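Asks: I am attaching a structure below and will ask some questions about it afterwards.
The values are calculated or read from the model by the stated rules, or taken from the named source; none is laboratory data. Bear in mind the structure is a predicted one, so any value in this text is a computation, not a measurement. Positions of Cβ are generated from backbone atoms using ideal geometry, with glycine treated the same way; all protein chains shown enter the neighbour counts. Surface areas here come from the heavy atoms of the whole protein model, side chains and all, with no ligands, DNA or RNA. Shrake-Rupley method; radii C 1.70, N 1.55, O 1.52, S 1.80 Å.
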Amino acid sequence: EAQVILEGSAEPDFFKSLSCFSPDGTSLVGAEIAESSGDFADFQYDSAKKELQEVELAYPADDYWCVATTPADTVLISTATLSYELPEPITPQSPANGTTGVAVDDLVISWAAAADASSISIDIENTATGTSLEVDLLGSATSFVVPNDFLEDGTLYEVGLEAINEDGNKSVTEDYSFTTVGVAEEDDDGDENTSGDFENLGNL
């Protein structure tokens, strides 16, 4: 499946109105933002996920453009070029998908080198707490050492891997997971302890 994402920012200002168009003039975004709605500095348009051939037909490769105004009536104009040059998707190697009994210390997640990737993003999510660790790496990277204080015993982790090329196009690897060794901690009431040592590591 494939998806087209169009995003932009008016920072340090805000949007008062916003219109975005495809190369053939089709309107994709059209918004007039009322003062009572608050300040909007960012926007993101996501197409439906469809087979790649369907997306290419609906969103031709070429220049897309947006026109916006700010509360001070300043006009903002921007263009971006859509291409369908995609990096090779990342293939996880270790731990293998669905592995159980994974050690919580000194864990190395590895994958095969992704051709044409200028950068790689890895997102590791604790499915019990929703706590996640997201890290950006060089495109040549083939492994990541998970910090020892992040993983918890007896917990299912879902991992997303993105290969990103110079155009900003991403090939996303999903449905990859592993479960750590041991039994999840429980609190005094017998409920699973999901507090962890922190709430969010954020981006490194």
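Asks: Go through (1) touching a residue at least 40 places away in the same chain (Cβ under 8 Å); (2) under 20 Å from ASP167 (Cα atoms) one by one and return the number of the condition SER17 breaks.
Replies: (2)
Asks: Okay, moving on. Every residue in the stretch 130-152 that is over 15 Å from the mean Cα position of the chain (by Cα) and open to solvent by 70 Å² or more (accessible area, probe 1.4 Å), please.
Replies: Answer for the stretch 130-152, where residues must be over 15 Å from the mean Cα position of the chain (by Cα) and open to solvent by 70 Å² or more (accessible area, probe 1.4 Å): LEU138, SER140, VAL145, ASN148, ASP149.
Asks: Then there's this: Check the stretch 86-109 and report whether any residue there is within 20 Å of GLY160 (Cβ to Cβ), open to solvent by 70 Å² or more (accessible area, probe 1.4 Å) and among the hydroxyl-bearing types (Ser, Thr, Tyr).
Replies: Checked the stretch 86-109: at least one residue is within 20 Å of GLY160 (Cβ to Cβ), open to solvent by 70 Å² or more (accessible area, probe 1.4 Å) and among the hydroxyl-bearing types (Ser, Thr, Tyr).
Asks: Tell me which strands (runs of 3 or more DSSP E) are completely within the stretch 1-110 and hold 2 or more residues being within 24 Å of the chain's Cα centre (by Cα) and within 30 Å of PHE144 (Cβ to Cβ), or say none if there are none. Steps first, please.
Replies: Values: elements: 5-9, 17-21, 27-32, 42-46, 63-69, 75-81, 92-94, 99-102.
The strands (runs of 3 or more DSSP E) meeting that bar are 5-9, 42-46, 92-94.
Asks: With open to solvent by less than 40 Å² (accessible area, probe 1.4 Å) and β-branched (Val, Ile, Thr) as the only criterion, which of THR74, THR79, THR70, THR26 stands out?
Replies: THR70
Asks: Quick check on ALA58: is it touching a Leu at 6+ places or on another chain (Cβ under 8 Å) and either surrounded by 11 or more Cβ atoms within 10 Å (Cβ to Cβ) or not β-branched (Val, Ile, Thr) (or both)?
Replies: Spelling it out, it is not the case that ALA58 is touching a Leu at 6+ places or on another chain (Cβ under 8 Å) and either surrounded by 11 or more Cβ atoms within 10 Å (Cβ to Cβ) or not β-branched (Val, Ile, Thr) (or both).
Asks: Applying the selection to the stretch 158-180, what residues are open to solvent by 40 Å² or more (accessible area, probe 1.4 Å) and closer than 16 Å to GLU1 by Cα?
Replies: Within the stretch 158-180, GLU162, LYS170, VAL172, GLU174, ASP175 qualify.
Asks: Report, by residue number, each residue of the stretch 64-95 that is without any contact (Cβ under 8 Å) to a residue 60 or more places away in the chain and more than 20 Å from GLU7 (Cβ to Cβ).
Replies: Result: PRO71, ALA72, ASP73, GLN93, SER94.
Asks: So, one more: Between residues in the stretch 30-51 that are under 17 Å from ILE5 (Cβ atoms) and open to solvent by less than 40 Å² (accessible area, probe 1.4 Å) and residues that are aliphatic (A, V, I, L, M) and outside any strand (DSSP E or B), which pairs lie under 7 Å by C-beta distance while being six or more apart or on different chains?
Replies: So the pair list comes out as SER47/VAL4; SER47/VAL55.
Asks: Quick one: count up the residues across the stretch 1-14 that are over 30 Å from GLU85 (Cα atoms), free of Cβ contacts under 8 Å to residues at least 60 places away in the same chain and surrounded by 13 or more Cβ atoms within 10 Å (Cβ to Cβ).
Replies: So the count comes out to 1.
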